[in-house]
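The values are calculated or read from the model by the stated rules, or taken from the named source; none is laboratory data. Quick caveat, the model's predicted, so the values are computed rather than measured. Don't worry about glycine lacking a Cβ; one is built from the backbone with ideal geometry, like all the others, and counts go over all protein chains shown. These accessible areas exclude ligands, DNA and RNA; they are computed on the full protein's heavy atoms, side chains included. Shrake-Rupley method; radii C 1.70, N 1.55, O 1.52, S 1.80 Å.
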Amino acid sequence: MENATFSPVSRVAICGGTHGNEMTGMYVVREMQRQEADQTGSVSITTVISNPRAVEVCRRYTERDLNRCFTKALLSSPITDSTPYEVRRAQEINALLGPKESQEAVDLLCDLHNTTANMGMCLIFYSLDWLTLHIYKYIQSNMTSAPVRALLMSSPKSEAYSLESVGKHGFSIEVGPQPNGVLRADIFNMAKEAVDHTIEWLHKFNSGSTFEEGEVEAYTVVKSVDYPRDPTTNEITATIHPELQDNDFKLLQPGDPMFLSFSGETVKYEGEDLHPLFINECAYYEKKIAFHLAKKITVTLPSISVKKD
Amino acid sequence: MSSFNSIVSLEEARRVAIFGGTHGNEMSGVTLVNLWVKNGAEIQRKGVETKPFITNPKAVEKCARYVDTDLNRAFTPENLSAPQGDNQPYEVQRAQEINGIFGPKGSPDAYDVIFDLHNTTSNMGCTLILESSKDHFNLQMMNYIKKAIAPSSCLVLLNEHPLLKYSTSRSIAKHPVGLEVGPQPQGVLRSNIFEAMRVILKHALDFIELFNEGMEFPSCTVEVFRVLERIDYPRDANGNIIAMVHPNLQDCDWEPLNPGDPMFQTFDGKTIRFQGSGTVYPTFINEAAYYEKQQAFVTTRRESLVASSIRKV
């Protein structure tokens, strides 16, 4: 593959508290603000608490999930008295770190999240971007404290709804398991390490290093599975089976236990061999998702280096 | 004071309640009580009227701990005797209603036993919460449960501390029993946690049935962890926390914490050590709901309580 070149990544945004009860990102951002880490070498860093109102009440959101408010339509919709807080906030953030898809947008936006699922360190990419995938490769080879995985949610750029789509490049750092409203030191340290490695990589990239081509493994979501529900009340009637609980990324095969009903029956998985993730994520009960199922793929990355003008 | 030889005679426990959703995002209790409201066969025992009850339905609806104020702190004498009115916080109104149904607290009409089902984000396993070291009925019940689930463990937390004790929803009963099972995130239902709570309740109700049928429970010793003090996070002048529970302490509920052991870790990696005068047993380590209550964990000390022999009147 031919070497790919990209413009220098000199403006970075690190965002936390996009969901107000996911504590790690909030505290990483606060710590970076306390350390006044706004300019390191070739990289200028903006830190943002994305949803301060939700952070204040320690809820995922106040009216709408902020991380679904960054579609082009919502970003350009007129603001009225009845506009939900998060839609307004998304437009404020777009003005601060964007505008999305313009030359003024930050070069890289990194959004920090937590999950109640046992996913360890997982980087989420919404498009096949060699630059951010090289960052993933770098983080993976430098972090020994936990496995680092990548989730590729490929949706067309025009439909991108999440915060990191505001930057020219973007990805989310998702770390778990951590309950909502809880700050665990081990999870914080992992997330901070990943952010530090990201900034390290940017320095190397900006100063002219070439990052060699190579292969990385990633997961792409194929479908989602909901809980069994009562047809009249819609209440869940089973919970994730103990043999599936906490086994994110472990291959799920037909016949494997999937749910355990309240009356003691095991519901088994039927379908192709796939990897479950976001198993028993708290926020997904209302989105009718018990877990996602993903395929494992290999992505070949070309070598990359900074564009020299 | 009863000696080993004297038997304490107690009235039958005829009216029992099982409270779920006292905190609306603690899902095991919410789920179990909803199940039993629909079909209570599992919780029926001869000679006992067992009533499953969702205490904080608005909080359950929102999947929040509470709406206005913590229901599990609202059963104070002031709140219960205050005139009823719509201007009261929702949970105060609710406490008054619940006191009317299952109380009045402190009166002979109060329910005999209330089990209050809770989850915690702390790694506490199965914990029974006792409010009085002199409640021989509860001590015997807890002894029975511990033996019944062995080798699985179920520990007893005694909160009799005059300042740290609080007015729980279960406190309106003659014999209040707290069930706390963790770790489980708020808003999440884990199968192992759900089943563990279910099993403990099964044994608790079995005990009540046996007692009511006339079985005598001989004197026994029950190991408890007595609450000593609440330890808050280190904070700055603005009240923001400046350190996290140390990785060496995180998830180590019930394990000895010795003077000099790591306790907190600052965001830039420095260790803050425990400065106590002796070994303590920490619990409720990093419970989500306690950040706002200025509590990183509580310290306890181990004690052996003697439960008198009991038999029904």
(message) Test of understanding: among A:Ala146, A:Ala54, which residue is of a type in the set (Gly, Ala, Ser), free of Cβ contacts under 8 Å to residues at least 60 places away in the same chain and in contact with a Phe, Trp or Tyr (Cβ under 6 Å, 6 or more places away or on another chain)?
(response) A:Ala54
(message) Which numbered condition in (1) free of Cβ contacts under 8 Å to residues at least 12 places away in the same chain; (2) open to solvent by less than 40 Å² (accessible area, probe 1.4 Å); (3) away from chain B (no Cβ under 14 Å) is the only one that A:Phe171 fails?
(response) (1)
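The rows are residues; the columns are (1) within 14 Å of another protein chain (Cβ to nearest Cβ); (2) farther than 29 Å from B:Gln186 by Cβ; (3) among the aliphatic types (A, V, I, L, M).
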{"residue": "A:Gly17", "(1), (2), (3)": "yes, no, no"}
{"residue": "A:Arg53", "(1), (2), (3)": "no, no, no"}
{"residue": "A:Cys69", "(1), (2), (3)": "no, no, no"}
{"residue": "A:Lys72", "(1), (2), (3)": "no, yes, no"}
{"residue": "A:Pro84", "(1), (2), (3)": "no, no, no"}
{"residue": "A:Ala105", "(1), (2), (3)": "no, yes, yes"}
(message) Just checking, does the range A:54-69 include any residue being basic (Lys, Arg), touching a helix residue (DSSP H, G or I) at 6+ places or on another chain (Cβ under 8 Å) and over 28 Å from A:Gln103 (Cα atoms)?
(response) yes
(message) For a quick check of your reading: which helices (runs of 4 or more DSSP H) sit entirely within the range B:1-85 and have at least 1 residues that are open to solvent by less than 10 Å² (accessible area, probe 1.4 Å) and of a type outside the set (Ser, Thr, Tyr)?
(response) B:27-38, B:57-62
(message) Anything in the range B:258-291 that is over 26 Å from the mean Cα position of the chain (by Cα) and buried (at least 22 other Cβ atoms within 10 Å of the Cβ)? List them, or say none.
(response) B:Gln265
(request) Any chance you could count how many residues in the range B:263-289 are at the interface with chain A (Cβ under 10 Å from one of its Cβ atoms) and of a type outside the set (A, V, I, L, M, F, W, C)? (result) 6
(request) Being open to solvent by 20 Å² or more (accessible area, probe 1.4 Å) and in a helix (DSSP H, G or I) is the filter; apply it to the range B:176-204 and report the residue that is nearest to the other protein chains (Cβ to nearest Cβ). (result) B:Asn192
(message) Restricting to the range A:290-309, name every residue that is more than 30 Å from A:Leu131 (Cβ to Cβ) and either modelled with pLDDT under 95 or open to solvent by 20 Å² or more (accessible area, probe 1.4 Å) (or both).
(response) none
(request) For the range B:12-56, enumerate the residues that are more than 14 Å from chain A (Cβ to nearest Cβ) and either out of contact with any strand residue (DSSP E or B) (no Cβ under 7 Å at 6 or more places or on another chain) or at positive phi (or both). (result) B:Arg45, B:Lys46, B:Gly47, B:Asn56
(request) Test B:Ser167 against the criterion of being part of a loop (DSSP other than H, G, I, E, B), under 16 Å from the mean Cα position of the chain (by Cα) and more than 14 Å from every other protein chain (Cβ to nearest Cβ), and give yes or no. (result) yes
(request) Name, by its number, the condition in (1) surrounded by fewer than 20 Cβ atoms within 10 Å (Cβ to Cβ); (2) within 15 Å of the chain's Cα centre (by Cα) that does not hold for A:Ala37. (result) (2)
